[in-house]
Amino acid sequence: MKRIRVALALAPFVLLAGCGGVSGAPPSAGPQTSVQPTVTTTVTASPTPSGEISEGPGETELGPPTTTREVEVRRTTSNPPLVLGARFAKHPGFDRVVIDLRGGQPGYSVRWVPKLVQDGSGDPIDVPGGAYLQVTVTPANAHSETGSPTWVGGPVFHAGLGNVRSVVKTGDFEAVVGVGIVLDHRAAFRVLEQRNPQRLVIDVAH
């Protein structure tokens, strides 16, 4: 396992970890009341709970998330990976949303938004909820070179978990894929990365 210390000047460490995933039905964390400032970093591997970057498993030992801090990880690639779909499942104390990927690990951000909108047009997406997390995956596509979608169905996928109500495909536009997570209420969350196969995991507390 390779570990690289991520130094973030004048900001807290990003709390992320490599993890496993679940599958196309329902995935949670300890709630906090305040949103802390966005943490931004540039990485070449997967962040872990100590603020380090690593590759490998470890998600089975994790309890519910404990922070509502927004996250941004930037990556560049000449060959954007494909988004194959999103899966979700309920776990003790938290729900898990897994975004399946092919071709590498893209950059991403996970932010609180007042509502979900369609990427490109900006049109509102009418999905009822008490809180919304917007996951932006880039560079990435959800379609093949011929234009065929690699993430089929939707755009709204009903989850009905402990906190996650729905997962929404909010767009696939100019190497940016949007995934909205509709919650019953705002709660702590964390972002995990897993390789072989590539996955991006978002855990949200009940």
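The values are calculated or read from the model by the stated rules, or taken from the named source; none is laboratory data. As the structure is a computational prediction, the values presented were derived from the model and not from experiment. Here the Cβ positions follow ideal geometry from the backbone for every residue, glycine too, while neighbour counts run over all protein chains shown. Accessible surface areas use protein heavy atoms only, side chains included; no ligands, DNA or RNA. Shrake-Rupley method; radii C 1.70, N 1.55, O 1.52, S 1.80 Å.
Among the residues of the stretch 191-206, how many are part of a strand (DSSP E or B) and surrounded by fewer than 23 Cβ atoms within 10 Å (Cβ to Cβ)?
Residues meeting the conditions: 1.
If only residues of the stretch 70-115 that are crowded, with 22+ Cβ neighbours inside 10 Å and among the basic types (Lys, Arg) are counted, the one that is farthest from VAL191 (Cα to Cα) is ARG87.
For the stretch 104-143, a residue qualifies if it is of a type in the set (S, T, N, Q) and modelled with pLDDT under 95, and the qualifying residues are GLN105, GLN118, SER121.
Considered as a group, the residues in the stretch 139-190 that are among the aromatic types (Phe, Trp, Tyr) and open to solvent by 30 Å² or more (accessible area, probe 1.4 Å) include one that is nearest to the chain's Cα centre (by Cα), and that residue is PHE157.
Can you say whether VAL135 is open to solvent by less than 40 Å² (accessible area, probe 1.4 Å) and within 23 Å of ALA159 (Cβ to Cβ), as far as the supplied structure shows? Give the derivation first.
Values: open to solvent by less than 40 Å² (accessible area, probe 1.4 Å): yes; within 23 Å of ALA159 (Cβ to Cβ): yes.
For VAL135, the condition - open to solvent by less than 40 Å² (accessible area, probe 1.4 Å) and within 23 Å of ALA159 (Cβ to Cβ) - is met.
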